[in-house]
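The values are calculated or read from the model by the stated rules, or taken from the named source; none is laboratory data. Treat the numbers as computed from the prediction; the structure is a model and nothing was measured. Note that each Cβ is placed from the backbone with ideal geometry, even for glycine, and that neighbours are counted across all protein chains shown. Side chains are part of the model used for accessible areas, which takes the heavy atoms of the whole protein and leaves out ligands, DNA and RNA. Shrake-Rupley method; radii C 1.70, N 1.55, O 1.52, S 1.80 Å.
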Amino acid sequence: MQLSIDLTGRDVLVTGSDTAARQAVRRYEAAGARVFRLSVPEGAPGDGPLPERPFLLAAVDDGQPGWEPLLERSRAAGIPVAAEPAAGPAGHVTLVGGGPGTLDLLTVGAVNALRDADVVFYDRLAPYQELERLTSGRLVDVGKHPGHHKVTQGDIEKLMVEAALAGENVVRLKGGDPFVFGRGGEEVASCVAAGVPVNVISGVTSAISVPAAAGIPVTHREVSHMFTVVSGHAPLTEKEHTHLAGLGGTIVVLMGIGTLPQLAAGLRRAGMRADMPMAVVERGYRPGQRTTIAELGTIENAATGCSNPAVLVIGEVVGVAMASRNHAAASADLNRLAASLLEA
Ligand code: SAH
């Protein structure tokens with residue numbers, strides 16, 4: 001069960017060792033509470049004055065025995081006790097897949113890792129607008145933003161490693177899945193090289209979820225039984241065009257807006273039909289999400305106004321989305337017709 005309580009100005013006593021309680025303290029402070037600390041078992045008071053009767057006792061699980069009598073006394077006195085997880089491990093990096101940009105597609109693991117972070121290095125493809133609600137950690141934008149230069153990959157890795165070596169629990173939040181065109185492997189390697197423990201929390205990749213946002217299933221029974229995910233960062237070779245066209249399945253392209261004309265022409269040269277359905281899905285799950293549907297032979301013109309971030313989908317599955325949309329539109333028409341007949 002989850003409960004939201006306004007803690008503004010309320011006295012909250014946070015128990016547990018300083019290391020384990022550091023993030024819980026920040027969370028309660030951020031929620032506006034007056035935080036008091038008790039860091040030694042058996043009730044020896046911490047540095048500051050203690051409230052006589054706190055509104056809430058936040059018990060951080062620091063793994064030490066000896067807290068239970070205090071918690072029992074609080075409960076007996078009618079003071080609610082909230083169990084709080086211990087802070088994330090110090091000197092550690094977690095690469096977190098943030099999904100395509102909506103909170104709904106963050107994993108439970110991602111939410112927990114953010115909660116336990118001292119510092120979060122994020123970029124603009126991750127669901128960064130909501131970060132302040134999800135973490136009390138320091139937020140560092142290492143992505144592009146207007147008027148600033150992008151932090152280079154080497155510098156991102158350096159910053160992560162330095163923060164971990166300084167004893168922080170570091171989260172590197174990335175768009176989609178860290179291991180799909182996300183340079184996650186390089187970031188893991190630089191942590192390992194520096195002797196920093198690192199783990200990876202997979203995320204929902206835009207390669208599947210962004211087509212889904214437009215109603216396009218990347219596979220569909222009797223339509224397509226495979227999908228290939230390709231980077232459009234650089235134009236493909238002639239051989240790659242031939243292989244892709246020859247597979248006969250769905251082709252999903254990330255970072256493909258810049259090379260769309262070369263891709264369409266290359267697939268045509270490799271024998272793909274000019275009327276193969278194709279979609280460009282821009283800004284999936286974000287304000288301004290837009291889907292442009294055309295055919296391989298007409299997409300270049302149809303997509304002239306399209307911009308990144310966008311996912312391209314080439315294949316018959318695009319027709320499945322169109323068919324179900326037509327079906328939905330047709331049933332909406334039927335409903336309207338039925339309603340007007342009933343009214344008459
Ligand atoms: N690791 C990421 C991909 C990083 S490459 C993942 O698994 O999703 C960046 C590319 O991802 C963008 O150029 C775009 O093609 C795609 N992308 C990511 N988020 C997107 C979104 N919300 N809408 C459309 N495309 C997106």
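Here is the size of the stretch 111-229 from its Cα atoms: Rg then Dmax, 16.3, 55 Å. Here r is the Cβ-Cβ distance between Thr152 and Arg75 and R0 is 51 Å; the resulting FRET efficiency, rounded to 0.05, is 0.45. Looking at the stretch 207-291, the accessible area is 49 square angstrom per residue; that uses a 1.4 Å probe and ignores ligands, DNA and RNA.
The convex hull defined by the C-alpha atoms of the chain has an orientation-averaged projected area of 25.7 nm².
If the Kirkwood radius is taken over C-alpha pairs of the stretch 113-175, then at 25 °C and 0.890 mPa s the Stokes-Einstein diffusion coefficient equals 207 µm²/s.
The slack between Arg273 and Arg286, meaning 0.36 nm per residue of separation minus the straight C-alpha distance, is 1.5 nm.
For Lys150, a cut-off of 18 angstrom between C-alpha atoms picks up these aspartates and glutamates, skipping any fewer than 8 places away in its own chain: Asp123, Asp141, Glu186, Glu187. How large is the Kirkwood hydrodynamic radius of the stretch 11-84, in angstrom, based on all distinct alpha carbon pairs? One decimal place: 12.0 Å for the Kirkwood radius. Mean residue ellipticity at 222 nm from the helices of the chain, using -39,500 (n - 2.57) per DSSP H segment of n ≥ 4 over the full residue count, to the nearest 500 deg cm²/dmol? Counting only the DSSP helices, I get -10000 deg cm²/dmol.
Counting only DSSP beta bridges whose two residues both lie in the chain, roughly 35 percent are antiparallel. Pop the C-beta distance of Leu50 and Arg124 into the FRET formula with R0 = 35 Å and round what comes out to the nearest 0.05. Efficiency, from the Cβ-Cβ distance: 0.20. Solvent-accessible area per residue in the stretch 6-115 equals 48 Å², computed with a 1.4 angstrom probe and all protein chains kept.
Here the stretch 85-218 carries DSSP beta bridges of which approximately 10% are antiparallel, counting only pairs with both residues inside. Placing +1 at every Lys and Arg Cβ and -1 at every Asp and Glu Cβ, with all other atoms neutral, what dipole size does the stretch 92-204 have around its Cα centre, in debye to the nearest 20? Charge dipole of the stretch 92-204: 160 debye, to the nearest 20.
Taking the Cα atoms of the stretch 250-313, the ratio Rg/Rh between the radius of gyration and the Kirkwood radius comes to 0.95.
At a 1.4 Å probe, what is the % contribution of carbon and sulfur to the accessible area of the chain? That fraction is 56 percent. Considering only alpha-carbon pairs that sit under 8 angstrom and 6 or more positions apart, the relative contact order computed for the stretch 92-204 is 43 percent. Which helices count as membrane-span-like in the chain under these terms: full DSSP H, at least 30 Å along the axis by C-alpha, Kyte-Doolittle mean of 0.0 or more? In the chain, the long hydrophobic H runs are 317-343. Pairs of Cα atoms in the stretch 207-323 fall into 5 Å distance bins, from 0 up to the last occupied one, in shares of 2, 13, 26, 28, 21, 9, 2, 0 percent. Once the C-beta distance of Arg133 and Ala189 is scaled by a Förster radius of 51 Å, the resulting FRET efficiency is 0.95 to the nearest 0.05.
Ordering Thr102, Val320, Val253 by Cα displacement along the dipole of the chain toward the positive end leaves Val320 in first place; charges were set at the Cβ atoms of Lys, Arg (+1) and Asp, Glu (-1). Taking every alpha-carbon pair within the stretch 1-127, the share separated by more than 17 Å comes to 62 percent.
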